[in-house]
Amino acid sequence: MARIIAVCNQKGGVGKTTTSVNLGAYLAAQGKYVLLVDLDSQANATLGLGMEVEPAAQNVYHSLVSDANPLPMVRKTSIFGYDILPAAQSLAGATVELVSMEEREYRLRRALNHLRNNYDYVLIDCPPSLGLLTINALAASDHVLIPVQCEYYALEGLGQLMRTIDLVRGGINPNLSVLGVVLTMHDKRIQLSRQVVNEVMNNFPGRVFQSVIPRVISVAEAPSFGKTILQHDPAGKAAMAYRHLAEEIIRLH
């Protein structure tokens with residue numbers, strides 16, 4: 001049965017989708033069967049894996065709102081053992097539609113119950129908010145992985161995220177745990193990046209992964225080719241960092 005990991009930070013631009021897509025690729029490269037769930041209506045994870053966003057095709061929205069079985073919606077990526085449950089712009093309306101539904105927080109959990117026995121890991125790329133979609137992701141997950149960018153105001157909003165995780169743990173999903181914080185967009189030449197690393201480590205002692213994702217052009221380029229960093233620049237610094245992150249997560253389990 002898969003371990004389900006929500007990749008979550010309500011602040012945008014922290015490398016959340018980049019981390020979801022590339023971590024999944026390196027877990028698959030380590031021989032694990034991986035499903036990436038794109039829970040963001042911008043569908044950047046879907047696009048970043050070279051998939052067409054098809055508004056008329058069934059996607060994760062239909063599982064959330066209509067209880068449709070997600071199994072036929074799953075699409076294989078170009079990496080063996082790595083699948084995606086895609087998103088589309090229709091997902092933007094899911095938050096409004098979910099409000100009046102019974103057990104609205106558990107819709108994603110019910111959908112993933114159809115799939116989790118097929119995989120070793122399920123990664124959920126959460127939207128940049130703490131709305132109902134993110135609550136669904138936290139209710140369905142075993143762990144939360146928090147990307148934090150090495151930039152000014154890096155810790156802004158993290159207190160609110162931790163409070164939300166505590167609320168979910170207290171009332172919806174008592175088994176939810178914080179897997180750890182992964183530092184992204186690090187530039188060792190800039191003093192601010194080094195300061196942020198120290199600040200995050202002080203605020204989350206023992207919960208920060210050793211792998212730090214560097215700020216490099218190849219990471220930003222890869223999605224435009226519909227590729228992961230494993231395929232686009234496998235010998236680069238970012239590729240090495242994501243490989244080490246995948247190895248760290250595998251060792252935890």
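Each value in this text was obtained by applying a stated rule to the coordinates, not by laboratory testing. Remember, predicted model here, so these are calculated numbers, not experimental data. Cβ atoms come from the backbone with ideal geometry, glycine included; neighbour counts cover every protein chain shown.
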| said: Just want the ordering: SER141, SER218, SER224, from fewest to most Cβ atoms lying within 10 Å of their own Cβ. | reply: SER224, SER218, SER141
| task | Kindly state, to the nearest 0.05, the FRET efficiency for ALA56 paired with ARG189, given R0 = 35 Å and r defined as their beta-carbon distance. | result | 0.15
| How would you rank ILE4, ILE172, going from fewest to most other Cβ atoms within 10 Å of each one's own Cβ? | ILE172, ILE4
| At q = 0.16 Å⁻¹, base-10 log of I(q)/I(0) for the chain (Debye sum, equal scatterers on each alpha carbon) | -1.18
| Contact order normalised by residue count of the chain, Cα under 8 Å, 6+ apart, percent | 26 percent
| query | Simple spin-label model, 7 Å along Cα-to-Cβ: LEU71 to GLN210 in nm? | reply | 4.1 nm
| request: Please arrange HIS186, HIS253 by counting, for each residue, the other beta carbons lying within 10 Å of its beta carbon, fewest first. | output: HIS253, HIS186
| Which residues make up the longest stretch of the chain that has no chymotrypsin sites (Phe, Trp or Tyr not before Pro) in a DSSP loop with at most 15 other Cβ atoms within 10 Å? | 154-253
| query | Considering the chain as a Gaussian network with a 10 Å cut-off on Cα pairs, which listed residue, ALA140, ALA68, ALA88, attains the greatest mean-square fluctuation? | reply | ALA68
| query | So what's the net charge close to ARG104: Lys and Arg +1, Asp and Glu -1, counting the other residues with Cβ under 13 Å from its Cβ? | reply | -2
| query | Roughly what would the spin-label model give for GLN160 and GLU248, points 7 Å off Cα along C-beta, in nm? | reply | 2.6 nm
| Are there trypsin sites (Lys or Arg not before Pro) in the stretch 148-253 that DSSP marks as loop and that have at most 14 other Cβ atoms within 10 Å, and which are they? | LYS188, ARG189, ARG207
| task | Under a cut-off of 24 Å between alpha-carbon atoms, report the lysines in cross-link reach of LYS237, not counting same-chain residues fewer than 8 places apart. | result | LYS16, LYS32, LYS188, LYS227
| field | Choice from ASP40, ASP142, ASP187 showing the highest fluctuation, given a GNM over the chain with Cα pairs closer than 10 Å | value | ASP187
| request: For LYS76, list the aspartates and glutamates whose Cα falls under 18 Å from its own Cα; do not include residues on the same chain fewer than 8 positions away. | output: ASP38, GLU52, GLU54, ASP120, ASP125
